[in-house]
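Input: a single structure, listed below in structure tokens.
The values are calculated or read from the model by the stated rules, or taken from the named source; none is laboratory data. Since we're looking at a predicted model, the values are computed, not measured. Note that each Cβ is placed from the backbone with ideal geometry, even for glycine, and that neighbours are counted across all protein chains shown. SASA here: full protein model, heavy atoms, side chains in, ligands and nucleic acids out. Shrake-Rupley method; radii C 1.70, N 1.55, O 1.52, S 1.80 Å.
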Amino acid sequence: MIPLPLVNHRVGRAAVTCEYRCGDACFHDVPNTSDNPYFGDLVSRRTALKAGAVVAAAATVAMPATAAAAPAAPESKGRPPRGLDFKPVEVNTKDEVVVPEGYEQGIVIRWGDPLFPGVPEFDFDNQTAAKQEKQFGFNCDFAAILPLDPLELTGIMVTNHEYTSEPFMFRGYNAANPTEEQVKIAWAAHGLSVFMIKRSLFSGHYRPRFSKYNRRITLNTPFEVRGPAAGSDLLKTSVDPTGKKVFGTINNCAGGVTPWGTILSGEENFNQYFANAAGRNDPRLTRYGVTGTATTRKWERFDKRWDLAQEPNEVNRFGWIIELDPNDPDSTPIKHTALGRFKHETANIRVADDGRVVAYSGDDERFEYIYKFISNGKMKRGNSKAARRHNMTLLDDGTLYVARFKGDSPASEIDGTGKLPSDGKFDGTGEWIPLAAGKKSFVPGMTAEEVYVFTRIAADKVGATKMDRPEDIQCHPRTGTVYCALSNNVERGVTPGKEGATEPNPRVNNRHGQVLELTERRGDALALTFNWGLFLVCGFPDDPNTYFGGYDKSQVSPISSPDNVAFDRYGNLWISTDADGKLDGLNDGLYGVPLEGPERGHLKLFLTVPRGGETCGPIIGERVITVCVQHPGEVDGASADKPVSNWPDRGTSRPRPSVVAVWRKGRRQLGEIG
Ligand code: FEO
Ligand code: CA
Ligand code: CA
Ligand code: CA
């Protein structure tokens, strides 16, 4: 029988996923113990004090506005918006990828598939580190396709491999005593994969090809550290006295494609890989959740760099945004210190009118912050190697900011239930607070190097706004509006001493998350002030605390824990989820939703992934949609010895994290999606 995720688990997620992906982040105390208050509360309370009588009078006549009572958008007339002409799939718990009627699917690549000629086919029981170095890694998360032709028949695909789940990778795995080969397989299964893909004119089924582009980035790949903290004493180790060369990247979660054709990737839950923080008594470690003695994976037994007692600075060399040029397989990937160090979910670029570039990034942990970087240099157009080389320096020199949000409704109307305030919206204004620019720090008591390496602490000091797990952030390609998935935060207003509801994070015990829209003032990417509003307040539509852009909630699909966001060419938003059972044990999925017009907020479920899996890295192409299926079958009680999923190979096989392509069938030449 199939064991379901334990319902008494604190966030609904399978405990095994918590342990291996995030280092049990939810079970540790929230690392943000700063007491910087929510600015909106301060302002609202001050306003209330100044104009108390008026507010009180208004409160007595205000209608009890609820999300359920929000005016529904007018019924749509005629066809659905372009790109979203599909019948939504039903929520389910199937061990398969479920797609709408009229669509087909195929596996692009699976964990262990060879990326180079001569590499043997994957053999679950005879895996080696040498093979894994040349095969597709584990737990694919972010994915990008750089098209090599206008019809998207060929492309370079790049994927992150966020983490390894050893109990699902090895039969008879002994977590207390992993073997050296198992540990080295895990080092090779992390990182990124780069490979060429190809499909026919008549099918959306991308398949991998051996090519000059194919490459694996693992924990053995050298990276160049760049930007203002490169060479800092805080980054020097016994192996690297320069503080400028790091082997590898870990826990790469989401990412982005730059306008100059490179890939950005966020090093997220790096803390869990470092042993022996206990006893060091260093609050800078605690602020990043680096705690405890032995790690889950025990890597510290096989390389001292994972042991803080022996290499205290190695941990400072992770938690960055990396940049990789997939066009040049010989290029050295970069760690960009100017974007700060935290649990980067992702980074995505918007180009300002004058050519400077802006990078947005979120710190994915409960009560953490949203950041913005503005470059000093300007982007060079064109796809030449020289232009790319120049553009790859843009993220080394600029100013790093953190967001402070202010609600426009009185704090008394943000009661933590999700009930809309009397102005009918969770919305307001905000500002970007500077942290550092080059060698200049804007944070009292911290040098610029300290701001870059201990960015969370710097952001605490300037009163940044604590958010409900900032996940993917992307700018709408046409409007420039910034969309940020805020996944969930079951500690908001629940854990004693922790912040309660605020207008941008309006629910206590926030199980299902929200999607934020942020518009820079006057639409200017370089602006230091913005307007914001919540586009979605997620959950079951019949729950009065949910909100779907004002759309008729009887028409929308349920959604929990938005994680990745993407856009199609018509400007619709696509959202993939990492609810891990929080939606009553239902599988995660990919959703499409219009952002404009009468259909704004009409969220529809496009596909679901197999049980225990998470939908990641959506790419909404013109004719093919691809998603990564991360950790299929990863539910409590399951393992390689007791698999509960046989996806995708079926029979008695073990589940394999894989990339899936979905396309519309029934046309001689492949039709458009939606
Ligand atoms: Fe790795 Fe923020 O999800
Ligand atoms: Ca408001
Ligand atoms: Ca994510
Ligand atoms: Ca995730």
Legend entry - Sequence ranges 25-36, 357-368, ranked by mean other-Cβ count within 10 angstrom, highest first: 357-368, 25-36
Inset, instruction - Please give, to one decimal in nm, the separation of the simple spin-label points placed at Asp35 and Ser653, each 7 Å out from Cα toward the Cβ. - result: 5.7
Legend entry - Cα shape, segment 398-557, gyration tensor, a/c 1.5 rule: prolate
Legend entry - Computed Rg/Rh of segment 532-656, alpha carbon atoms with Kirkwood Rh: 1.02
Inset, instruction - Highest first, please rank the peptides 193-199, 413-419, 138-144, 499-505 by the mean number of other Cβ atoms sitting within 10 Å of their residues. - result: 138-144, 499-505, 193-199, 413-419
Inset, instruction - Before anything else, pin down the relative contact order of segment 256-413: Cα pairs under 8 Å, at least 6 apart, normalised by residue count, whole percent. - result: 21
Inset, instruction - Could you rank the peptides 236-248, 608-620, 299-311 by their average count of other C-beta atoms within 10 Å per residue, with the highest value first? - result: 608-620, 299-311, 236-248
Inset, instruction - In whole Å, largest first, what are the principal axis extents of the Cα atoms in the chain? - result: 77, 62, 54
Inset, instruction - Enumerate the calculated ³J(HN,Hα) couplings along segment 387-396 in order (Karplus 6.51 cos²θ - 1.76 cosθ + 1.60, θ = phi - 60°), each rounded to whole Hz, writing x wherever the residue is Gly or Pro. - result: 4, 5, 4, 4, 5, 6, 9, 5, 7, 9
Inset, instruction - Kindly report the accessible area of segment 440-485 per residue (heavy atoms of protein chains, probe 1.4 Å, no ligands, DNA or RNA), in Å². - result: 29
Legend entry - Values of log10 I(q)/I(0), in the order q = 0.22, 0.26 Å⁻¹, for segment 233-317 under a Debye, Cα-only, solvent-free model: -1.09, -1.33
Inset, instruction - Would you mind telling me the share, in percent, of accessible area of segment 129-196 contributed by carbon and sulfur at probe 1.4 angstrom? - result: 60
Inset, instruction - Find the Cα radius of gyration of segment 312-361, compare it with 2.2 N^0.38 Å by division, and give the number to two decimals. - result: 1.34
Inset, instruction - Note down the magnitude of the dipole of segment 195-276 about its Cα centre, charges +1 on Lys and Arg C-beta and -1 on Asp and Glu C-beta and zero elsewhere, to the nearest 20 debye. - result: 640
Inset, instruction - Determine the relative contact order of the chain: mean sequence separation of Cα pairs under 8 Å and six or more apart, normalised by residue count, in whole percent. - result: 18
Inset, instruction - Note the full-extension length gain between Lys304 and Phe116 as 0.36 nm times their separation in residues minus their Cα-Cα distance, in nm to one decimal. - result: 64.6 nm
Legend entry - Residues with amide H under 5 Å from that of Asp649, placed H, sequence gap 5 or more: Arg656
Inset, instruction - Take the alpha carbon atoms of segment 200-262, find their center, do the same for segment 435-464, and report the distance between the two centers in whole angstrom. - result: 25
Inset, instruction - Quickly estimate the mean residue ellipticity at 222 nm for the chain, helices only: each DSSP H run with n ≥ 4 gives -39500 (n - 2.57), and the total goes over all residues, rounded to 500. - result: -2500 deg cm²/dmol
Inset, instruction - Apply the Karplus parameterisation 6.51 cos²θ - 1.76 cosθ + 1.60, with θ equal to phi minus 60°, to every residue of segment 629-644 and state each ³J(HN,Hα) to the nearest whole Hz, in sequence, with x for glycine and proline. - result: 9, 9, 6, x, x, 8, 10, 4, x, 8, 5, 5, 7, 9, x, 9
Legend entry - Cα centroid separation, segment 314-340 to segment 551-619 (Å): 30
Legend entry - Simple label model, 7 Å out from Cα along Cβ direction - Leu151 to Ala176, nm: 6.0
Legend entry - Rounded to the nearest 20 debye, dipole of the chain from Cβ charges on Lys, Arg, Asp, Glu: 1280
Legend entry - segment 321-476, relative contact order [Cα under 8 Å, separation at least 6], %: 27
